[in-house]
Amino acid sequence: MLRDEAAPIVILTGAGISKESGLHTFRDPDGIWARYDISEVATPDAFINNPDLVHHFYNDRRAALIDPDIQPNTAHRALARLEREWPGDVLLVTQNIDDLHGRAGSKNLIHMHGELLKIRCNHCDLLTHWSDPLGRETPCPACGKSGGLRPHVVWFGEMPLEMERIYAALADCGLFISIGTSGNVYPAAGFVQTARDEAGTETIELNLEPSNGATLFDHSQYGPATELVPAFVNALLTP
Ligand code: APR
């Protein structure tokens, strides 16, 4: 049914899809929020009160991400294949700020929480790729002023990116797939309800364990993303 209609697909991913590439999730026992306090490193007030700590937090994560050992895994690559081979639109919305979906080949991709390898300037309209350490003294490559550069990352209390485009896709999709997210953070955690309410969409959760929104999904499979996602994409693409 879905394939015949070339139904549009919306995919939401979270940190769990990058875990097997070697990146930490947030709320697992070894997760990032077990080692850092969100209010000290991931809010606008944190950046005002202690910019050096915030820069240190993101410099550490940026350095970890550009490590050559960190590569897209078979789940990232399977989603890029689905975008290439599915007869209808496939929109991939990720909560992740890593660049693994893009490096795996996904193109119709929204980073709703921003991107770790981009920075912007509070003094001018700079938005650019950046993989080096960043600090209060780093001069903006565009306007030359220091003290205004920040990671292009959406902090708690800030508006996620491209929400209009995301809601338009949710209102029109035939299949909504949630992968590797605990369903703790809105608005992403509410996308499954929006897809059901607005489009009567078939919904599936692929995760290591039931997420907070598990009961909202029509189908669910639990296990590592590198096992579930390639098999799921294979089944979807096999007429
Ligand atoms: N395969 C599939 N799922 C996995 C794997 C794996 N190998 N390992 C862990 N998971 C699952 C966990 O069971 C958990 O449900 O991935 C989910 C990760 O949840 P979180 O750590 O809460 O990460 P996420 O849902 O992406 O967090 C959302 O919260 O802190 C903010 O901005 C941050 O984007 C992040 C948002």
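The values are calculated or read from the model by the stated rules, or taken from the named source; none is laboratory data. Given the structure is predicted, the values throughout are model-derived calculations rather than measurements. Cβ sites come from the backbone with ideal geometry, for glycine too, and all protein chains shown count toward neighbours. Keep in mind that these areas ignore ligands, DNA and RNA; they rest on the heavy atoms of the full protein, side chains included. Shrake-Rupley method; radii C 1.70, N 1.55, O 1.52, S 1.80 Å.
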Hits in the range 60-71 - residues which are in a loop (DSSP other than H, G, I, E, B) and within 16 Å of the ligand (Cβ to nearest atom): Ile70, Gln71
Residue within the range 79-96 that is open to solvent by less than 60 Å² (accessible area, probe 1.4 Å), closer than 23 Å to Arg150 by Cβ and in a helix (DSSP H, G or I) present: no
The lone exception for Asn108 - which of (1) closer than 18 Å to Cys173 by Cβ; (2) open to solvent by less than 20 Å² (accessible area, probe 1.4 Å) it fails: (2)
Some residue of the range 133-149 being away from the ligand (no atom under 16 Å from the Cβ) and β-branched (Val, Ile, Thr): yes
Some residue of the range 226-237 being assigned by the TED database to the domain that holds Gly88 and not in a helix (DSSP H, G or I): no
Within the range 1-59, helices (runs of 4 or more DSSP H) holding 2 or more residues that are near the ligand (Cβ under 10 Å from one of its atoms): 16-19
Filter result for Ser131 (modelled with pLDDT of 95 or more, closer than 26 Å to Trp33 by Cα, small (Gly, Ala, Ser) and surrounded by fewer than 19 Cβ atoms within 10 Å (Cβ to Cβ)): yes
Meets criteria (outside the structural domain of Val54 (by the TED database) and either under 18 Å from the mean Cα position of the chain (by Cα) or in a loop (DSSP other than H, G, I, E, B) (or both)) for Glu164: yes
Among (1) open to solvent by less than 70 Å² (accessible area, probe 1.4 Å); (2) at pLDDT 95 or above; (3) not charged (D, E, K, R) - the single one Gly147 does not satisfy: (2)
Selection count where residues are assigned to a loop (DSSP other than H, G, I, E, B), open to solvent by 40 Å² or more (accessible area, probe 1.4 Å) and either hydroxyl-bearing (Ser, Thr, Tyr) or in contact with an Asp or Glu (Cβ under 9 Å, 6 or more places away or on another chain) (or both), scope the range 189-223: 2
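Let's see how each residue does on (1) on the phi < 0 side of the Ramachandran plot; (2) among the hydrophobic types (A, V, I, L, M, F, W, C); (3) open to solvent by 10 Å² or more (accessible area, probe 1.4 Å); (4) assigned by the TED database to the domain that holds Glu83:
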site: Ser18; (1), (2), (3), (4): yes, no, no, yes
site: Asp30; (1), (2), (3), (4): yes, no, yes, no
site: Arg35; (1), (2), (3), (4): yes, no, yes, no
site: Ile38; (1), (2), (3), (4): yes, yes, yes, no
site: Ala42; (1), (2), (3), (4): yes, yes, no, no
site: Ala46; (1), (2), (3), (4): yes, yes, no, no
site: His56; (1), (2), (3), (4): yes, no, yes, no
site: Asn59; (1), (2), (3), (4): yes, no, yes, no
Residues (near the ligand (Cβ under 10 Å from one of its atoms), crowded, with 20+ Cβ neighbours inside 10 Å and in a loop (DSSP other than H, G, I, E, B)) located in the range 171-188: Gly180, Thr181, Ser182, Gly183
Cβ pairs under 8 Å, 6+ apart, first in the range 181-206 and farther than 16 Å from Ile11 by Cβ, second more than 16 Å from the ligand (Cβ to nearest atom) and assigned to a helix (DSSP H, G or I): Glu198/Leu170
